[in-house]
Amino acid sequence: MKNFGSGNVTWKTVLSFLLIAVISVHKSPAQETGKVATFKIGNATVSVLSEGQQNNKPDNLIGTTPEMLKKHVPDGTYPSAVNAFLVQMDGKTILIDAGFGRNLFDNLKSLGTSAEKVDVVLLTHMHGDHIGGMIKDAKVAFPKAELYLPQPEHDYWMGNSERGRQAQDVIAAYKDRLHLFVPSEAGEDAKEIIPGVKGIAAYGHTPGHAGYMFESAGSRVFIWGDLTHAMAVQMPHPEVAITYDVNPEQAVAYRKKLLDYVAKNKIPIAGMHIAFPSIGDIKAKDEGYEFTPFPVQ
Ligand SMILES: [Zn+2]
């Protein structure tokens, strides 16, 4: 490719070069796809549905220092992922976020269920990597599901027609079974939105971003959506934000508050951007926290 750009290279050559580049990106061994793992929380079954995993550069983190990166990102990248979760409890099949819609439907099948059997979809927020699977072939992907969405998230996306076509299309497609709720602050007084599930405010990443607290037979798990994007850095340093946060300061404040809450109450957590198996325990450590993933059976 020495002559690239000199005029000797035909478009055909350029296109085939680009095609090879695209194929090799998709074949990169760093990308793991299509995995599922299932855990028991009380009488509930909680499954992580992996949409893929890769290593990211820390360039878009806000508030890091060179020392911090040297210590926590020694090879210059940190593991990241995109996940949805499925909770089966009390005879209900509940999907939390819908990923890109990339492996989602095959993953549901591998768990012995399907999009048609999903009773409830809970959305943490409406970025594309969380609502990509909501519409499939121009139709609702979950034909019988009731959709739960935080009211402030709905208002954010509907408040400006330029903001997000994809979010507005999902809201329109599900308008007949859309349930808007105001998330509760974490604590014993938090309100249930459906039996065994509380919607918990985790604002900042987006204005209505929420996590979901599940309780079954006295055991709990907090599926916290995008409370973190870079566990390797944000566990020891919850004060680090990311450029995708609509309000980074508010995101930091809620991250600190909710990490304190789950660590003190020993509540396991699961996250949409935590590397597989994406679920585990949080403990206070030094000035920050430490995450220990559950062992995969
Ligand atoms: Zn996300």
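None of the figures in this text is laboratory data; all of them are computed from the coordinates on show. None of the values given here were measured: they were computed from a predicted structure. Note that we place each Cβ from the backbone using ideal geometry, even for glycine, and neighbour counts take in every protein chain shown.
Values as computed for the structure displayed
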item: Prolate/oblate/rounded label for the stretch 127-207 (Cα gyration tensor, a/c 1.5); result: oblate
item: Relative contact order of the chain, pairs being alpha-carbon contacts under 8 Å that are 6 or more residues apart, as %; result: 16 percent
item: His179 long-range amide H proximity, modeled H, under 5 Å; result: Leu147, Tyr148, Leu149
item: Net charge, Ser216 excluded, C-beta distance under 10 Å - Lys, Arg +1, Asp, Glu -1; result: 0
item: Longest site-free stretch - the chain; sites: GluC sites (Glu not before Pro), DSSP loop, at most 13 other Cβ within 10 Å; result: 1-161
item: Lysines with Cα under 24 Å of Lys266, excluding same-chain neighbours fewer than 8 positions away; result: Lys40, Lys191, Lys198, Lys256, Lys257, Lys283, Lys285
item: Amide proton proximity set for Thr124, modelled H, under 5 Å, gap of 5+; result: Asp97
item: Taking His209, His125, His179, His72 and counting other C-beta atoms within 10 Å, the order from fewest to most; result: His179, His72, His125, His209
item: The chain, helix-only ellipticity at 222 nm - DSSP H runs n ≥ 4, -39,500 (n - 2.57), divided by all residues, nearest 500; result: -7000 deg cm²/dmol
item: Phi to ³J(HN,Hα) by Karplus 6.51 cos²θ - 1.76 cosθ + 1.60 over the stretch 228-243, Hz, x for Gly, Pro; result: 9, 10, 9, 3, 4, 9, 7, 6, x, 9, x, 6, 7, 10, 9, 4
item: Gyration tensor (alpha-carbon) shape descriptor, the stretch 31-293, a/c threshold 1.5; result: rounded
item: Cα-centre dipole for the stretch 48-96 with unit charges at Cβ (Lys and Arg positive, Asp and Glu negative), debye to 20; result: 60 debye
item: Formal net charge of residues neighbouring Ile62 (Cβ-Cβ distance under 13 Å; K, R +1; D, E -1); result: -3
item: Summed side-chain charge close to Glu116 - residues other than Glu116 whose Cβ falls under 13 Å, Lys, Arg +1, Asp, Glu -1; result: +4
item: All aspartates and glutamates inside 14 Å of Lys35 as judged from Cα atoms, apart from same-chain residues fewer than 8 positions distant; result: Glu51, Asp106
item: For the stretch 51-132: rounded, prolate or oblate by the Cα gyration tensor [a/c cutoff 1.5]; result: prolate
item: Within the chain, percent of DSSP bridges classed antiparallel, to nearest 5; result: 80 percent
item: Simple Cβ-charge dipole of the chain, Lys/Arg +1 and Asp/Glu -1, about Cα centre, in debye nearest 20; result: 780 debye
item: Centroid-to-centroid separation of the stretch 54-84 and the stretch 140-174 [C-alpha atoms, Å]; result: 31 Å
item: 3J(HN,Hα) from dihedral phi, the stretch 84-89, Karplus parametrisation 6.51/-1.76/1.60, rounded to Hz, x for glycine, proline; result: 10, 10, 10, 10, 10, 8
item: Under-5 Å amide H pairs with Ile41, H placed in peptide plane, nonlocal only; result: Val46
item: Relative contact order of the stretch 60-117, pairs being alpha-carbon contacts under 8 Å that are 6 or more residues apart, as %; result: 19 percent
item: Antiparallel DSSP beta bridges within the stretch 125-210, percent to nearest 5; result: 50 percent
item: Excluding exposed DSSP-loop trypsin sites (Lys or Arg not before Pro) (at most 13 other C-beta within 10 Å), longest clean stretch of the chain; result: 3-143
